[in-house]
Amino acid sequence: MSTFPGYIPELPGIGIDRFDETVRDRANVFFLSHCHLDHMYGLSPNHPLPGTLYVSPHSAVIVGFRYPNQAVYKVPIRERLTLSVTPPTGEDRYELCVRTIPAEHCPGSVMFYFETKTIRLLYTGDFRLSAESLAVIEQDQIRPTIVYLDTTFLEQDYTYFPTRQESMNRIRTICSQWLDADRRNIVTLWLPALYGSEELFHQLYLHLRERIHVYAAQRETYQHFETLRDVFTDDALGARIHACNGVTLQGEMVCRKQEHNASFILTIRPSARRWRHLQRDQPFWLECSKQLWFVCYSSHASSSELIEFLRKLQPEARDIRFSVVGDEIDRMRKEEYLSSLLPTTVEERLFDEEVVGGEEGEAMLTLPYNDFSAGTRTDKQLTTTTDRMQFDSEEETDEETLAPPCKMVKRC
């Protein structure tokens, strides 16, 4: 989950991926990297931002549906946009050049590359790049000196994840075998977030020719996208694949309660957090019980992918700032790990932080360490952000602490 505070010291007047009152008071130009709830904190259908929200065309559809009063500007992928920023906090007006880069975290997710006369800064948001998108960084000459990095899995425990296509192939195989075994069998997908699994849905439909049941509130957004219009159904009784988050602790499906025997329900949990120490030659799927499968599926970069990404930005990128930090201990552990793999980058930045008032230059600013928590929401904010779509957070916790979809989960 993102712990980025929403503002960047070097770019006064802009807010990114957090829109609470603190950010609203100091910004009038806003950016959203993607539509997961931990990056949309503070958005409200009845309390629009005091300025335009810049998003990708895909995200604009979702934002427009959920926040119809919010002024939105669609930024085409890879297109350069020049803005004049006059910070409400009194700093001088300046010209800001913005480019978007595909982030491949979920549909519509982008990175923002900001340039001024003195600053070159890349805000990654959440990401997991393919080779094609890495090539875009080279082609577009993205050369930041400052990087706000998605450090969700910047840990030695998570050096490897299978590709998403490999994960989807495995999920498709498990689904197919279960559905073919008995006409009464059905599959429920226990997903970590509402948005981000669209390609999985699309491939399941294409290969198995089974429409997927979701609730009407979920379908309303998907209907805006041509490739997904035939994928979903609101027929709870007829559907054999469900992504409606509708399984109780007793193994019953809420959407088909008392209409189906729990013994015919197979649950598949795509996840990443539980797959510590996974190696390339090891299976990335686990049959936890007869009716529960875990499959490694990550929309965030593994630590080795993060290092490869940063090396693409060398030698210019010297100031690496973490956007996902649990606490001070977690920050220190991640800095030590990154320093062991990219010593020149991190050690130079740590040295720069220790510089005090010298005439040769200013110390580099870093992410405030007291801004790790997501903050405490007011009742009003909870109402506006969660009532319309509860299953929307991209947060993925260890499965041991999650309420399982059936009572067999905790036995693993």
Among residues of segment 41-55, those that are in contact with a Ser or Thr (Cβ under 8 Å, 6 or more places away or on another chain) and either crowded, with 23+ Cβ neighbours inside 10 Å or closer than 17 Å to VAL85 by Cα (or both), counted: 1
Do you know which of the residues in segment 328-361 that are charged (D, E, K, R) and modelled with pLDDT under 90 is surrounded by the most Cβ atoms within 10 Å (Cβ to Cβ)? ARG349
Can you tell me how many residues in segment 116-141 are hydrophobic (A, V, I, L, M, F, W, C), surrounded by fewer than 20 Cβ atoms within 10 Å (Cβ to Cβ) and part of a loop (DSSP other than H, G, I, E, B)? 1
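Determine which member of the set PHE4, PHE19 is assigned to a loop (DSSP other than H, G, I, E, B), crowded, with 19+ Cβ neighbours inside 10 Å and either among the charged types (D, E, K, R) or touching a Ser or Thr at 6+ places or on another chain (Cβ under 7 Å) (or both).
PHE4
From the list ASN245, ASN261, which residue is within 24 Å of VAL63 (Cα to Cα), open to solvent by 50 Å² or more (accessible area, probe 1.4 Å) and modelled with pLDDT under 90? Before you say what the answer is, go through the steps one by one.
Details: ASN261 fails: within 24 Å of VAL63 (Cα to Cα).
Answer to the selection: ASN245.
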Subset of segment 183-240, residues in a helix (DSSP H, G or I), among the hydrophobic types (A, V, I, L, M, F, W, C) and either touching a helix residue (DSSP H, G or I) at 6+ places or on another chain (Cβ under 8 Å) or buried (at least 18 other Cβ atoms within 10 Å of the Cβ) (or both), comes to LEU200, PHE201, LEU204, LEU208, LEU228
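Evaluate segment 151-167: report whether one residue or more is under 21 Å from CYS244 (Cα atoms) and more than 15 Å from the chain's Cα centre (by Cα).
yes
Here is a check on your reading of the model: is VAL98 closer than 21 Å to ASP126 by Cβ, touching a residue at least 12 places away in the same chain (Cβ under 8 Å), more than 20 Å from the chain's Cα centre (by Cα) and open to solvent by 10 Å² or more (accessible area, probe 1.4 Å)?
No; evaluated as a whole, the condition is false for this residue.
The values are calculated or read from the model by the stated rules, or taken from the named source; none is laboratory data. Everything quoted here is computed from the prediction, not taken from an experiment. Virtual Cβ from ideal backbone geometry, glycine too; neighbours counted across all protein chains shown. Please note that ligands, DNA and RNA were not included when accessible areas were found on the heavy atoms of the full protein model with its side chains. Shrake-Rupley method; radii C 1.70, N 1.55, O 1.52, S 1.80 Å.
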